[in-house]
1. So how do A:Asp244, B:Asp248, A:Asp23 line up by other beta-carbon neighbours within 10 Å, fewest first?
2. Below 12 angstrom from the Cβ of B:Ser654, what's the summed charge of the other residues (Lys, Arg +1; Asp, Glu -1)?
3. Apply the Karplus parameterisation 6.51 cos²θ - 1.76 cosθ + 1.60, with θ equal to phi minus 60°, to every residue of the range B:232-244 and state each ³J(HN,Hα) to the nearest whole Hz, in sequence, with x for glycine and proline.
4. Which entries in the list B:Lys81/B:Lys129; A:Lys55/A:Lys89; B:Lys217/B:Lys249; B:Lys502/B:Lys542 go over 21 Å, if you measure between the two C-alpha atoms of each?
5. Based on Cα positions only, what radius of gyration and what Dmax would you give for the range B:2-103, in angstroms?
6. Please compute the modelled spin-label separation between A:Lys74 and A:Gln29, points set 7 Å along Cα→Cβ, answer in nm with one decimal.
7. Per DSSP helix of 4 or more residues, -39500 (n - 2.57); summed, then divided by the residues of chain A. What does that give at 222 nm, rounded to the nearest 500?
8. Give me the one-decimal Kirkwood hydrodynamic radius in Å for the range B:361-454, with the sum taken over alpha-carbon pairs.
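The numbers here are math on the coordinates, done by the rules we state, and not lab data. Everything numeric here is computed off the predicted structure, so don't read it as measured data. Neighbour counts run over all protein chains shown; Cβ positions are idealised from the backbone, glycine included.
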Amino acid sequence: MERGLAEAGKLLQGLRSSFQSGDVASCQQHLGQLKIRMTQFPALPPLFQKTPTQKEELSLGREVLEYAVLLTVKKEDEAGFERQFLQLKPYYVDTRNSIPPSSREQLITGLNLLRLLVQNRISEFHTELELIPSAQHSSPFIRYAIELEQSLMEGAYQKVLNSRTNLPDQSYAFFVNLLLDTVRDEIAGCSEKAYDFLSLAEAKKMMLLKTDQEVADFAGMRDWDIKNGSIYFRKINEEAISKDIPSHQLITQTLGYARELERIV
Amino acid sequence: MAAVAVARPSEHGFSQPTSSAGLLAMLDEDESVLQVYALKQLNRIVDEFWAEISAEISKLEALYEDEGFEERELAALLASKVFYHLGELDESLTYALGAGPLFDVSEESEYVQTLVAKCIDQYVELSVKANESKEKQPPLDTRLVAIVERMLNKCITDGQYQQAVGIALECRRLDKLEEAITKSDDVPALLAYTLRVSQTLVNRREFRHEVLRTLVKLYTHSGSPDYINICQCLMFLDDPAGVAAILDKLVKGDSDDALLAYQVAFDLFENEFQQFLLNVRDRLPDPRGHAEAGHPPAEGAESTPPAEGATAAADATASASAALAAEAKDEASAMEEDTGAAESHAPAIEGLGDLPIATYAERMTRLKGVLSGETPINLALQFLYSRNRADLLVLKNIKGAVDVRNSVCHGAIIYANGLMHAGTTVDTFLRENLEWLSRSTNWAKFSATAGLGVIHRGHLQQGRALMAPYLPQNGVSGSPYSEGGALYALGLIHANHGESIKTFLLESLRNTTNEIIQHGACLGLGLAALGTANEEIFEDLKSVLFTDSANAGEAAGIGMGLLMVGSASEKAGEMLAYAHETQHEKIIRGLALGIALVVYGREEEADTLIEQMTRDQDPILRYGGMYALAMAYRATANNSAIRRLLHFAVSDVSDDVRRTAVMALGFVLCSEPEQCPRIVALLAESYNPHVRYGAAMAVGIACAGTGLTAALDLLEPLQKDPTDFVRQGALIATAMVLIQETEARQPRVAAFRKHLDKVIGDKHEETMGKMGAILAAGILDAGGRNVTIALRSRSEHDRVTAVVGMAVFTQWWYWYPLAYFLSLTFAPTALIGLNGALQMPRLEVTSAARPSLFAYPAPLSDKKEEEVKKVPTAQLSTTARAKTKAKKDAAEKAEKGKEAIEKVGAKGGKKEEEKEGGDAMEVEKEPEAKKVKKEKEPESEVLSNPARVIPAQEKYVRFPEGSRYAPLKKVAAGWVLLKDLKPGEPEELVSQHAPAEQGAAAAPAAAPAAAGGAAAAADEDEPPPPEPFEFVPQ
């Protein structure tokens, strides 16, 4: 065990240095080995056994996974981020009382909040937020995410765009850029409901797009028609709602009840 | 949530994670090592986090389906567990099967137990389907089979043999059944268990037969074959040759074996399967042929006149000699038909060894006497006669309370008298009330005469002579009603054992064209030839049917059914065709019931016919369909039958059909009396009085003789029903449930008797209710208080005669004389000990219970009679009525209080018995101290042979230690053969009160010369019949 821990420590050193130098491939390699090794450590989640080296094991595991998370941001891999973060989370939630908090905890938690915003999973965003102790809300990472969410909810999209300028950490850039797409989708969704048609120029401004071509592509994606320099939104057929009353079934049921009532013992 | 998340670790010291999301995320890793690790960890915590995992179940499924993944089975196990938690047992099972060896059947967890049960269920379902359907089924999933077999093997190695037997039976795995039985440590007990279970749990007849065949094989291969049980099995299998072979072997053995042979014969007799018994008897070799040296066997039997045959069996008892004569004649005719049987005698006799032929012949004669029913019936008759405790005062009171001009009640009293004295041969009541009796006219006369048959039931030798006064003498016939009644009576006397009377009844039927006489003769023939499927009789009945006269046709229909009981012959089709043709409702009804009787006990085999009848346009035939369901599935508690009956009970348009459907539930459920009240409870509250009546009767039928409190709870409100015929049914049903119950065991008996008195005496009660009360009084004290209503024998097999009798009895709704069929259900509650010569030696057994628990009810005193009379006179004005009511209430309260005390006493008594050998005095103090004036009751009583042992008492009866005789079977009831431990000493026999003296003293001169002469010749002690009463038409 001791030896395993020492070897893992060495590998972690390698991981650190290659992460600093930005060597993604080397990081990946180190990570793979470390993770397999970590399955041998009984103190790690979900086992949480109390071993003599419990603290070391936990700290090591946490750091490895933190690097794994940050690496996915570097690789711009959203799904990977989620996967790694879920593995990391038990360390933050369940080990709070046994090892000192990590310096990167708020950074990564904030990133995760941002990811949820990007994926438009607002309810999960709030669940996560509730799980964060209120003392941490004032941290710049968390506060940044909260403010972004507020602006989004208010519809103050300009504020969202402006927030790109004051990132708390460089790693946030990836998600904030992605957020733009989320915002655009929001706006498009609202426009569909609000307008019958919209001129291309207006649309371009509203959807935060740069060229007419981009507008046309976007319209194609959302299945809008472009005619005479305007975008026509397709009305979703509303009359379909009333079609689904199962009248035939209801009639047979009622008749059935009547018959059964007659022969009740 | 945050608080929880933070609090948890400190509480549990990191023992549990708060979420499995991390592990689930790990499943997406590229490294399979990590995936496997995640699976293993998830498998560990799945019971807690299945909800989270279920969201990602598709990942597990994908892993399982990935052929390249090395731990697919682990993924399957995990998926199975998640599905289990989700309640999707089918999916769960599929994945569990996929998990292969990882699914550990020996694990104690709920998950494994549930899935194994599910697994077995599915296996059972599939194998039953494979067994039953004709077309080829796809082979069973080998993994499923493997799990079931693993489970079975585990049961066997763990010593849970009963479980293994149960599973093997359900799975239709005879090989495993055999294995479980042979490997068990107590083979005989397990065999007995299997026999019992196969009768109750195996629903399909064919498979049950296979099981029985396996059992017979196992029994015979076991060290000491249990012949009693083997023969039971063979009887269920309808294999008379096998039984005959065993009996013959036993008879040739030493005297103990011979005793065993008799015991086997008696036990077989208890099931009352006449046709089978006769087949066995006919297959046994005829020893007399050999006794007459030099004659070839067949010729010897033919040429020997009956009298000679009787002398050959030198020391046959005097009472049996007449039987022998009749039997020898029968045998001779059997010989003629069956030369093959005659040939088989030659080698059979060779196995005798050093046994003298005379002894062999003697034993064989005795054995045949038992098989043909002569001996047991005779013994039962002696018992019923000598122990008759019927209370004439009850009848007298009823007679006094009822208006003489009411012919229905008048008739009912005669019925009640018949039932009360059934089989006792005591007709004092009729003799004492000849003038009153003469009020019966027409059909009432018919049933009054028939009542004599019930009273003399089983009086086989004297039956003809007894009824002679009512039969045409020297070609001169009296009233057709009494003649018809007499023929019916002869049938009742010889019910199920009518070989000697068959010919006479058949001739009587042929010689008449009077439909009343035909009616009686048809019923009589049906009863006498019950279940024999005799072609000749059937043809004669059919020709009566084709005369298309309502009364005769109805009886012919029922008679045909009785004749063909359980044969499932295609004659049923003929009967059905005629039922469609005729216009007479009575005939259709008779035929419908007849058809139902034909499919008796045929279960699934009868389904086509049942379907055909239940879909008929004619409600009477649908009604017959209900009976067919009842008969085919009698005492099986078959779910599908119950479902069908319940369906008809609520959905048919005809009241008759609905009533019968509910009633039929009683027949189907009579193997599980505790179930019946629960199932019909809702129906008993129906708005339809016919359904209520049916519910009452169903409970009466299913719970007859049990005294079940649940049954009484259901019946009690129905006794006060606003509809008269519901009250009638409830009263009769209650009497059936309470038969032979004592106040000490069931305090409601007293209240019920009082209620009967009240109903009978009440001027405002309708005739229907009164009639029910009168009949109920008769049933309550039936057979001189020495019989119970038993639809099943002690071996838990249905008694054909009894069930059929009960079914026809329920027809009295349409035709009162059929009420006498109830007497077929009566079984004497006796312990009759017999020695090797089939005589009753003096013997005493102890019953380890307070005598009052099982005692006869106290006889009424005249004082009480006055009391009864007072009540109606007091009802003159409202004040008087109120006064009486208050008085009565007080009296009732006092009575109840007394009952309660007695109840406590009874409970105390029981407790003591359970303790057995503990300090009895201590327990006794509390309840008994309250009854200071009452003498302390002894804790046990000594009964002498033949003893009255009611079913509930059986478990208390012991043969005392150090007695001269040792019983051959454990249950101390019925006919028990006794092994004489001191054979040298002279035996003291019970002096046999032949059922006679009283009658002989009363009116020997009055009996007509013809009857008297015949009676005197055979047995001087026989009672002559009652005076032929004059019928004065009003």
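1. The fewest-first ordering by Cβ neighbours comes to A:Asp244, A:Asp23, B:Asp248.
2. In short, -2.
3. Whole-Hz 3J(HN,Hα) from phi for the range B:232-244: 4, 4, 4, 5, 4, 7, 6, 10, x, 4, x, 5, 4.
4. From the list (B:Lys81/B:Lys129; A:Lys55/A:Lys89; B:Lys217/B:Lys249; B:Lys502/B:Lys542), the Cα-Cα distance tops 21 Å for B:Lys81/B:Lys129.
5. 14.2, 44
6. It works out to 1.4 nm between the two label points.
7. Only helices count here, giving -21000 deg cm²/dmol.
8. 15.0 Å
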